[in-house]
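Each reported figure results from applying straightforward, stated rules to the coordinates on display, with no laboratory input. Note that this is a predicted model, so its numbers are computed, not measured. Counting neighbours? That spans all protein chains shown, and the Cβs are built from the backbone with ideal geometry, glycine included.
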Amino acid sequence: MDGLKAGVSHREDYVHTGEYGRVWGRREMNYSVLMSVYAKDNPEYLVTAIESMLNQTIKPEQFVIVQDGAVGKELEKVLMDYQMNFPTVFTLVKLKENGGLANALNRGLQACRNELVARMDADDISLPQRCEKELEKFRENDKLVICGCNIDEFYKTPENVRTSRVVPSDYKSILKFMRLRQPFNHATVIYKKSKVLEAGGYLLLRRKEDFDLFSRMLMNGDYAVNIDESFYLCRANEENYARRKSLVNFKSAIYVYKRHLKRKGCNGAEFFYLVLGELFFLLFPNGCVKYVSDHFLRKRVANE
């Protein structure tokens, strides 16, 4: 694959310059990337995702990829080639069986050797300055635990951005937003490993495992911000809505909202609103769900 061949060329940067992390004054901001890969991931998209992290203006000191069960020869070759060409950077965690995203992230988190961990999905793209901008926030404030950014959602090609998911940037707005919606774009965040473990890590859920984790962390008093810019490109398609339409996923979401209510993350009326929202996504046709999501839960982007 062309992307993988290009990726191998980055090896010289790591070997000769030793630029695993940039030094900010007297302080080194090393970080690990955490990604999960499973059988249905697209090998070409995976290469693009990995390359986008290797091309960060501040390079990761470690790249942890969890192979969540058997993935097939093509995906496995991509993973093995990167591990072979970047032996000191890539850590491959192989799980015998697919246990879901939450389980994979918990296992991968244990393998991260840095306190700062950058999430990344296997089919998206991080813009080159994403991690530098987020690391800058950690440099500015020692109390910061979670930092993310907005995302641009595209169809087919990265140039075809249709919608953006804009999240609140300041701490108070994040707390308020969390009562009814996820205030972080999960795959964009850098967080502190110790604080995630202190909160109990990800619950083994089918859906909303990130909502549950961040609800616990915020209710524990962990400080968080988002950057009010988009440094992340996410692939959007009809399957994103279809995945939500199952009774198992619905039950998982309701379980998370009950826990959210119990820890006083929301009140009774807000809990009822959350349940109605899940019923809407479960029962209404994909076209209707997409319209509501794109026009009311996202920011429309005009394409010239």
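What the table below lists for this structure:
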| read-out | value |
| --- | --- |
| Three-way shape label, the range 153-249, alpha-carbon gyration tensor, a/c 1.5 | oblate |
| Net length gained if the chain between Glu115 and Glu74 were fully extended (0.36 nm per residue, minus Cα distance) | 11.6 nm |
| Dimensions (Å) - the range 29-135, Cα atoms, principal axes, largest first | 35, 26, 23 |
| Cβ-derived FRET efficiency at R0 22 Å, Leu180 paired with Lys262, nearest 0.05 | 0.85 |
| Karplus 3J(HN,Hα) series, Hz, for the range 76-81 with 6.51 cos²θ - 1.76 cosθ + 1.60 (x for Gly, Pro) | 5, 5, 4, 5, 5, 5 |
| FRET efficiency, Thr57 to Met219 (Cβ-Cβ, R0 25 Å, nearest 0.05) | 0.15 |
| Fewest-first sequence of Met217, Met84 by Cβ atoms within 10 Å of each Cβ | Met84, Met217 |
| Long-range amide H partners of Ala70 with built H, under 5 Å | Asn98 |
| Computed over the range 97-174, Kirkwood Rh from alpha-carbon pairs, angstrom | 15.1 |
| HN-Hα J in Hz across the range 221-233 - Karplus 6.51, -1.76, 1.60, θ = phi - 60°, x for Gly and Pro | x, 5, 8, 8, 9, 10, 8, 7, 8, 9, 10, 9, 10 |
| Stretchable slack from Tyr255 to Asp142, in nm (0.36 nm times residue separation minus alpha-carbon distance) | 37.3 nm |
